[in-house]
Structures are given as structure tokens and as C-alpha cells.
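Novice: Dumping the structure here so I can ask a few things about it.
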Amino acid sequence: MTYEGRDIPALRVGVHPTNSEKPSSPRKTIIVAGGSHAREWISTSSINYVAYSFITAYGRDKTITKLLEKFDWIFIPTLNPDGYVYTWETDRLWRKNRQQTALRFCKGVDLDRSYGFEWDSDSTKSNPCSESFAGEHPFEGVEAQRFANWVRNETKNNNAEFVGFLDFHSYSQQVLYPYSYSCTSAPPSLENLEELAIGLAKAIRVTNGEIYGVTSACEGSVAIPRAKDCQPRQEKSKDEKKLWPRMETGGGSALDWFYHELRVSYAYQIKLRDTGSYGFLLPSKNIVPTGKEAFSAVQYFGQFLLGNKGIEKSEPGVNEAAELSKPEVVKKEEKEEWALVEKEQVEDIDANRSADFELRRRRRR
Ligand SMILES: [Zn+2]
């Protein structure tokens, strides 16, 4: 329920094993959320697109069917319905929620700065009129608090184990990993986070050719005025960086809270189209292509979690995700190698052994 009394709609999808006599182990659950910033409409439409694609592909698409059997998926198209309604009715570029602050004429708390991990209001404490007002204490943002409570309750009382969190925003075309509050402390699983982030960006790129940058959220959480500035941040000097005002996450982000407080191994914030030409006022012809990009990313995310680097290390068939992501060319090369071995087999058994060994070594790489 929101500050103004609206429901926060969410959809849980998953196929559970039936007739199981064993007490069921915690259900691995992935959250796909968006719309915590009201004006980022493309995040809301994209999550609807992803949810629709998952549901309609069940039973027809092998990968999606498996992902629905292995995980519960929770789709939340808008975490901030009050703000969303306000962007439709009054102010298209509204960002925060709509709760009352200490200042009568300045409503709203920035929900993505409300979470309780490394909450930091230094820059906006005295100014509820700021677009990024973090509130006066952690979890003052009503919808952030209720979402976090709900997640905690699911973990404690409803047998859910949250293993993935994807928070969709816009704009700037970036895949961002923790932490957002600071660039000086590196997350413990940095390498894994980076590896999957690069995979997500690639999954998006092969969909429609759109380039998404990959960086830490602390680097990505700056306002980007023009498209040409949307380059990887590390190319800029520190002095240059300071010139950008912090607009997105920073301290108290959902990203950091899920990663650190809830121990979700793979948490990302994905900023969708575009890179600044239209910004939040993205033309509607982008809705479907951006939805497809998001769908590719979410699908890749699920496959990765089923694979080697994911959470089900002990399961058979762990290499599946890796296999699926291999380009077709590589598979052809492997077939040719097999053929080569067969020829050698006829000629010389010893040579075959060494060739076979060589082949196996090559295949393992
Ligand atoms: Zn946002």
C-alpha cells in the first residue's frame, strides 16, 4: 500500500513441483522491479513486457519453462504508484513519491535513497524540495519501507530465498552493480558481479544493437546531460566527475540494500534507453524494442544463475547456461575437431589417443 493508499501491484510467477513428499526447501526467488522513480516510464512498460513474455513462453520455450520451474519470479512494474499517477495527471517529470514532508509545499521522498543501508541525507537533509530528498531518517519513504518489510517477511515466513534483484530505471543505458553509496569500498563479490553485468550488457546488445555501459553504480549515479557524455566513467578525470550532480542512487539505494542487507548475490540496477536525446520523454516507438532488450537481459540473468557461476553449483547440467551463450561458430569448430579425430583413429591408435586428449583439453577451456 502506498502513502496515498494505492496497492503496489506485483506478480509472482513460478512452476512448483507437485506431489513432493519432502518438505519444500526455500524457493529461490528473483525480483524484477521498476518505477521507483515516477517519470521513468520505460522501466514500468519494460517489466510488463518481460512478465508477459515469461508467461506466454511457458511450455513453448524450453529456456523460459526451465527458468519458471527453477525460480519464482516477482515482477513489480511500479514501486511508486502515487508518483506514477502524478506524472500522468500533473507533472510528467516528477521523480519522488508523494508523501508529505516537513515543508508543506514540497512533497515527496526519493524512494531510491530511502533504504536503510548506508543511508545518507547529507546533501538534501535540509531541503525536502530537492528532487533527491532522502527523507529525515532511513526508510521514511513509505513505499520503500513497505517493500523492504514485505521482502523480509517473505524470507522469514514464506519460505522465499531471494537470489536476484533487478531494479530497472532510466535513462542512460547502463548496467550498474553495487555499491552505489561509495566508490571506495568494493563489494566482496566484485568479479562475479562484473562478469554477469558484462553478460547482461551483451544480451541487450545482441537484441537490437543498443550499447549499454557496465560500471559500478557509484560511478553511474550521476546525471548525464547529453548523449556524447554517456561514456564509461573511468575515462574521465576525478575533477571532471565532481562536476556532475548526483541524481540517481547514491546512499540508501535499493540496489545496495538488497545486495548487502538481504545478501542477494546478484543485484543490479539497469538504466534503460536512451542516452539523453529524449531522456525521460522517450518516444513510444521505443517501448517494444526496449522491452525486448529487458527480456533478453532477464533471461540471461536467470540462465547465469543456473550455470557455473551461479547458485546451483552442485546440480547436474551446470554448464547449460555457458553452452547456451556460446556462439554458433564455436560449436561448428568443435564438430570439425571431432571429425579430425576420427580420421586419425583409422591411421594410428597412439596418435588418436594424443589427439583425443588434445581435443578434450581444448573443449574444457
Ligand atoms: Zn531512477
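Every number here is computed from the coordinates shown, using simple stated rules; none is lab data. Predicted model, so just to flag it, every value in this text is computed and none were measured. A quick note on method: Cβ atoms are made from the backbone with ideal geometry, for glycine too, and the neighbour counts reach across all protein chains shown.
Novice: Rounded, prolate or oblate: which one fits segment 58-158, using the alpha carbon gyration tensor with axes a ≥ b ≥ c (rounded when a/c is under 1.5, else prolate when a/b beats b/c, else oblate)?
Specialist: Taking the square roots of the gyration eigenvalues as a ≥ b ≥ c, segment 58-158 is prolate.
Novice: Can you put CYS218, CYS106 in order of Cβ neighbours within 10 angstrom, beginning with the fewest?
Specialist: CYS106, CYS218
Novice: Taking 0.36 nm per residue of separation and subtracting the Cα-Cα distance, what length does fully extending THR155 through LEU93 add?
Specialist: Between THR155 and LEU93, full extension yields an extra 18.8 nm.
Novice: Using a 7 Å offset from the Cα along the Cα-to-Cβ direction at both LEU190 and ARG12, what is the distance between the two label points in nm, to one decimal?
Specialist: My value for the distance between the label points is 3.7 nm.
Novice: Take LEU68, LEU281 and order them by how many other Cβ atoms sit within 10 Å, fewest up front.
Specialist: So the residues, fewest neighbours to most, are LEU281, LEU68.
Novice: Listed here are the pairs LYS66/LYS292; LYS202/LYS292; LYS62/LYS292; LYS107/LYS156; LYS28/LYS271; which of them are more than 22 Å apart at the Cα?
Specialist: LYS107/LYS156; LYS28/LYS271
Novice: Then there is this: Among ASP7, ASP91, ASP167, what is the fewest-to-most ranking by other Cβ atoms within 10 Å?
Specialist: Placing the least packed residue first, the sequence is ASP7, ASP91, ASP167.
Novice: Students often check this: by mean Cβ neighbours within 10 Å, which of 53-61, 25-33 ranks highest, and how do the rest follow?
Specialist: 25-33, 53-61
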